[in-house]
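Asks: Right, I'll just put the structure down here and ask away after.
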Amino acid sequence: MTARNAGLVACQQCGQVHPLHTRICKRCEGRLVSRDTQSLQKVWAWLIAGMIAYIPANIYPMLLTSTLVERSESTIIGGVVELFDHGSYGIAFIVFAASVMIPVGKFVAIMYLAISVQRHSGENQHERHVAYEVVEFIGRWSMIDVFVVAILSALVQLDTIATVNPGIAAVSFALSVIFTMLSAQAFDSRLIWDADRTNQQ
């Protein structure tokens, strides 16, 4: 039985349970809503924005390196290939996982959750809820590339000898991660458990 079926509503901020039609939490004074009716619209809007921002993040250079003799530009995939060619297999895998596998996996997972809720699917509810928690947890660790670029840009500034600057892909990748995090946070996970009630009706 869900809290909604029992005539209760839980505060999303502090967890305090109140009667269903209570509007303000007595503990933290947060707004109480049994379900976010606009959750899926927000999820799709932020997700599409994140996917659009992810395209230039892979097309344009992430790092711009300038030395006395040459200037080079490195994309995400190009950087992975260079690391692999230099024998840094572990670092290459970490960069590939953080830059490609995790973002794409998050896109797929959020789309799956949103579509399953729209179809009122009652299958694998527990597994879907776990998938949602995983997506929300790893979101904060998806900025590894941006952190590396920021650190390199701050450290490698040797005036006319060598400089490292972030490319437009760094901004695009950061925006993609932020939009995806907002998409995951906009998803009302309580909608997963409403399928049984909908199917019974």
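The values are calculated or read from the model by the stated rules, or taken from the named source; none is laboratory data. The model shown is predicted, which means the values in this text are computed figures rather than measured ones. A quick note on method: Cβ atoms are made from the backbone with ideal geometry, for glycine too, and the neighbour counts reach across all protein chains shown. These area figures cover heavy atoms from the full protein model, side chains too; ligands, DNA and RNA do not enter into them. Shrake-Rupley method; radii C 1.70, N 1.55, O 1.52, S 1.80 Å.
Asks: Give me the pairs, please: first residue somewhere in the stretch 112-139 and closer than 30 Å to Leu175 by Cβ, second residue anywhere and outside any helix (DSSP H, G or I) and open to solvent by less than 90 Å² (accessible area, probe 1.4 Å), beta-carbon distance under 8 Å, and either six or more positions apart or on two chains.
Replies: Qualifying pairs under 8 Å: Leu113/Phe187; Ala114/Phe187; Tyr132/Phe187.
Asks: I'd like the full set of residues that are among the aliphatic types (A, V, I, L, M) and outside any loop (DSSP other than H, G, I, E, B), limited to the stretch 60-82. Show your work before the answer.
Replies: Filtering the stretch 60-82 for residues among the aliphatic types (A, V, I, L, M) gives 62-64, 68-69, 76-77, 80-81.
Matches in the stretch 60-82: Leu63, Leu64, Ile76, Ile77, Val80, Val81.
Asks: While we're here: Which ones in the stretch 108-134 are under 17 Å from Leu182 (Cα atoms) and of a type in the set (Gly, Ala, Ser)?
Replies: Ala109, Ala114, Ala131
Asks: While we're here: Being among the hydroxyl-bearing types (Ser, Thr, Tyr) and buried (at least 19 other Cβ atoms within 10 Å of the Cβ) is the filter; apply it to the stretch 99-131 and report the residue that is nearest to the chain's Cα centre (by Cα).
Replies: Ser99
Asks: Related question: Please count how many residues of the stretch 83-98 are open to solvent by 70 Å² or more (accessible area, probe 1.4 Å) and either touching a residue at least 12 places away in the same chain (Cβ under 8 Å) or assigned to a helix (DSSP H, G or I) (or both).
Replies: Step one: of the stretch 83-98, the residues open to solvent by 70 Å² or more (accessible area, probe 1.4 Å) are 84-86, 89, 91, 93-94, 96.
If we keep only those that are either touching a residue at least 12 places away in the same chain (Cβ under 8 Å) or assigned to a helix (DSSP H, G or I) (or both) too, we end up with 84-85, 89, 91, 93-94, 96.
Selection size over the stretch 83-98: 7.
Asks: I need the full set of residues from the stretch 1-59 which are open to solvent by 50 Å² or more (accessible area, probe 1.4 Å) and part of a helix (DSSP H, G or I), in order please.
Replies: Gln41, Lys42, Trp44, Ala45, Trp46, Ile48, Met51, Ile52, Ile55, Ile59
Asks: Moving on. The conditions are (1) under 16 Å from Ile76 (Cα atoms); (2) open to solvent by less than 60 Å² (accessible area, probe 1.4 Å); (3) modelled with pLDDT under 75, and Val148 fails exactly one of them. Which is it?
Replies: The single condition Val148 does not satisfy is (2).
Asks: Follow-up question, since we're still on this one. For residues in the stretch 65-82 being crowded, with 19+ Cβ neighbours inside 10 Å and among the hydrophobic types (A, V, I, L, M, F, W, C), which is nearest to Leu40 (Cα to Cα)?
Replies: Going through the qualifying residues, I end up with Ile76.
Asks: I want to confirm something. Restricting to the stretch 63-100 and keeping residues that are of a type outside the set (S, T, N, Q) and in contact with a strand residue (DSSP E or B) (Cβ under 6 Å, 6 or more places away or on another chain), which single residue is farthest from Gly167 (Cα to Cα)?
Replies: Here is the first cut: in the stretch 63-100, the residues of a type outside the set (S, T, N, Q) are 63-64, 68-71, 73, 76-87, 89-98, 100.
Adding the requirement that they be in contact with a strand residue (DSSP E or B) (Cβ under 6 Å, 6 or more places away or on another chain) leaves 63-64, 73.
Details: Leu63: 5, Leu64: 6, Glu73: 8 Å.
That would be Glu73.
Asks: Looking at the stretch 63-71, is at least one residue at pLDDT below 85, within 23 Å of Val177 (Cα to Cα) and not aromatic (Phe, Trp, Tyr)?
Replies: Yes, because at least one residue in the stretch 63-71 is at pLDDT below 85, within 23 Å of Val177 (Cα to Cα) and not aromatic (Phe, Trp, Tyr).
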